[in-house]
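Working notes for the structure below.
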Amino acid sequence: MTTTGRNRPGFALGLALMAIVIIGAMIVGAFFMSAQEYRVGRNAVTQANALAAAEYGQDTTLSGWNKAWNKLAIGSTIVRTYAPGGGVVDTVRITKLDSLSYLVVSEGQSGTGVRAGARRRTGLLLRLQIPQFTMPGAMTTRGNVVIGGATSLLGKDTSFAGWDCPPAGAAIAGVAVTDTQKLSLGGKCKQMSCISGSPLAYINPSVGDTSVYFNYGGLKWPDLVAMAEKSVSGTLTGVAPSINLDLSCNTGDLKNWGDPNKSPVKGACADYYPILYAPGDLTINGNVGQGMLLVGGNLNIQGGFNFYGPVIARGTVKLTGTGNHVNGGIMAASVIDSTTSSTLLGNSSIQYSRCTLNTVLRSTANPSRTRDRSWIDLY
């Protein structure tokens with residue numbers, strides 16, 4: 001008797017193959033998702049690095065502002081490149097929009113290649129902080145002032161050769177004090193014959209307000225002191241421009257206060273307008289300088305010194321001897337010792353000049369972010 005077996009096809013092999021296919025698909029999917037997550041993470045880091053580079057360029061431009069940029073022509077653009085590190089590069093374009101405003105466009109680049117690289121561009125609006133002085137007279141003081149000898153106080157707006165001055169503006173007073181009892185005239189200055197301006201003397205109690213001497217719009221005395229490039233003290237003799245061996249302006253010289261003599265040929269230091277700060281009393285004996293002079297004590301100019309720009313002293317100001325000329329304006333707060341008088345003797349002169357003041361103030365100003373919507377993410 002013969003027994004015939006039944007044909008029973010197996011399914012284990014098919015099931016195993018199917019399982020292999022499914023597991024392989026899962027492995028491929030997991031690998032794909034892992035690769036995608038890696039790419040997304042890498043791209044996010046690259047984008048963040050590019051944005052950080054753009055921010056770095058803006059911050060570096062603002063903190064390291066070159067005051068030579070203050071004199072750029074409207075519409076002109078300069079380009080700066082920075083390398084913060086880590087393979088990122090930033091390119092900054094600084095465009096002057098008007099006399100006070102600048103647009104800083106910073107583009108950070110991170111990574112290389114079409115797929116691996118990233119770019120981020122941001123914009124920043126800056127505006128120069130120009131001190132706003134209240135200067136009613138060529139000489140303004142809340143204390144006593146003695147004027148004698150052949151001194152001249154000239155409130156007529158005056159320009160100087162080579163300074164690219166606009167047409168002269170309205171005249172101010174030759175001297176400004178709180179009341180007539182503060183003003184003592186002698187020598188050739190009797191009857192105010194040595195004073196010119198409109199009016200000759202500005203007599204107003206408002207001149208006694210200390211904010212006239214220490215508040216300048218959005219800036220105050222400590223702000224200007226913090227901006228000072230040089231600290232000076234004691235007695236200085238022979239202040240004058242100096243140059244390096246390569247004929248560039250030697251700004252590191254403590255006695256180099258720029259060169260106001262701009263005609264017929266500008267010198268190397270013609271566009272150097274330092275902010276100078278003396279924490280205490282200061283005495284100057286010659287020769288010439290320009291910029292902004294801040295004196296924490298009393299200022300004594302003894303002879304032969306010609307200065308262009310604003311002079312602000314917390315104490316008194318004394319000009320004696322021959323050849324002393326301040327072209328711009330003087331403010332003496334007299335808060336150190338209100339009983340001591342400012343004294344203007346010899347053949348000294350104080351000449352008001354709006355052009356000199358504006359040139360110095362614009363050249364020494366630092367920029368700040370505009371108050372509203374100063375920053376924008378361009379892409």
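Things worth noting here:
- Number of the condition not met by A313 [criteria: (1) touching a residue at least 24 places away in the same chain (Cβ under 8 Å); (2) within 19 Å of V212 (Cβ to Cβ)]: (1)
- Counted residues, region 301-320 - those being over 25 Å from the mean Cα position of the chain (by Cα) and either under 27 Å from R362 (Cβ atoms) or part of a strand (DSSP E or B) (or both): 8
- Filter result (surrounded by fewer than 23 Cβ atoms within 10 Å (Cβ to Cβ), more than 18 Å from G258 (Cβ to Cβ) and among the small types (G, A, S)) within region 300-332: G303, G321, G323
- Residue match in region 262-275 (condition: of a type outside the set (D, E) and not in a loop (DSSP other than H, G, I, E, B)): yes
- Within region 269-302, tally of residues that are β-branched (V, I, T) and closer than 29 Å to L247 by Cα: 3
- Restricting region 358-379 to residues that are part of a loop (DSSP other than H, G, I, E, B) and polar (S, T, N, Q) leaves a set whose member that is nearest to G123 (Cα to Cα) is S374.
Throughout, read-outs are computed from the coordinates displayed, never taken from laboratory work. What you are looking at is a predicted structure, and each value in this text was computed from that prediction instead of being measured. Reconstructed Cβ throughout: ideal geometry from the backbone, glycine too, with neighbour counts over all protein chains shown.
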